[in-house]
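Report on the structure given below.
The values are calculated or read from the model by the stated rules, or taken from the named source; none is laboratory data. What you see is a predicted model, and the numbers here were worked out from it, not measured in a lab. Methodologically, a virtual Cβ is constructed for each residue, glycine included, from the backbone with ideal geometry; neighbour enumeration extends over all protein chains shown.
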Amino acid sequence: MQRKRGLKPYARTLAVALSLAFVAGCSSSGGTQDGSMDGTRGGAGSGVAGSGVSGSQVGGTGIGTGSAGQQADGRIPQQRTIYFEFDSDRIRSEFESVLASHARYLRENGGARVVLQGHTDERGTREYNMALGERRARSVERFLSVQGVSPSQMEVVSYGEERPAARGQNEEAHAQNRRVVFAY
């Protein structure tokens, strides 16, 4: 009993410290009141417009085009990465078929588990990018849940800007880093 009382002040202090760190991280994002980093109201909810990069232009690799990659024999879909616009967690329409194929796979394979890894480009603070990476992964998680995937099959993790897919400080590199990766 004595030990529990001794831990209580520490737990309370820790909760307050974490709350303050979260608030500080949110307030230091450099973004505007509506959450966009570029000062435009459409930044967080815009589609392809505004970035100058379409799904088929990212890295010149045809990202966002073609079939969803669903295997006829029930294997994991080939395309395991979807991409996002700058400062957005909105799922782009060209990736809905990719998400639908992953949802179909997960529904048909109840024992399969996936980690949804959220990533961002290097712009913004570390704290902001960790939160944005998580929001991106959570939006994919919500989409899959609506499609009937069990929450027990999904885990969300954010890497923010820490694990870039492409190095560089140009729009092509940034576009490749704004993503959610399906890790089976």
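How many residues does the stretch 132-155 contain that are over 14 Å from the mean Cα position of the chain (by Cα) and surrounded by fewer than 14 Cβ atoms within 10 Å (Cβ to Cβ)?
Residues that pass the stated criteria total 5.
Looking at Tyr159, Tyr105, which is the one that is aromatic (Phe, Trp, Tyr) and in contact with a helix residue (DSSP H, G or I) (Cβ under 7 Å, 6 or more places away or on another chain)?
So the residue among Tyr159, Tyr105 that is aromatic (Phe, Trp, Tyr) and in contact with a helix residue (DSSP H, G or I) (Cβ under 7 Å, 6 or more places away or on another chain) is Tyr159.
Taking the options Asn129, Asn109, name whichever one is surrounded by fewer than 16 Cβ atoms within 10 Å (Cβ to Cβ) and touching a residue at least 24 places away in the same chain (Cβ under 8 Å).
The match here is Asn109.
Scan the stretch 73-91 for residues that are assigned to a loop (DSSP other than H, G, I, E, B) and either among the acidic types (Asp, Glu) or under 12 Å from Arg178 (Cα atoms) (or both) and jot them down.
Answer for the stretch 73-91, where residues must be assigned to a loop (DSSP other than H, G, I, E, B) and either among the acidic types (Asp, Glu) or under 12 Å from Arg178 (Cα atoms) (or both): Asp73, Phe84, Glu85, Phe86, Asp87, Ser88, Asp89, Arg90, Ile91.
Give Arg142, Arg136 a once-over and let me know the one that is touching a Leu at 6+ places or on another chain (Cβ under 9 Å), in a helix (DSSP H, G or I), modelled with pLDDT of 95 or more and more than 13 Å from Leu106 (Cβ to Cβ).
Result of the check over Arg142, Arg136: Arg136.
Among the residues of the stretch 109-130, write down those that are touching a Gly at 6+ places or on another chain (Cβ under 7 Å) and of a type in the set (A, V, I, L, M).
Selection gives Met130 alone.
Can you name every residue in the stretch 147-183 that is assigned to a strand (DSSP E or B), among the β-branched types (Val, Ile, Thr) and free of Cβ contacts under 8 Å to residues at least 60 places away in the same chain?
Result: Val156, Val157.
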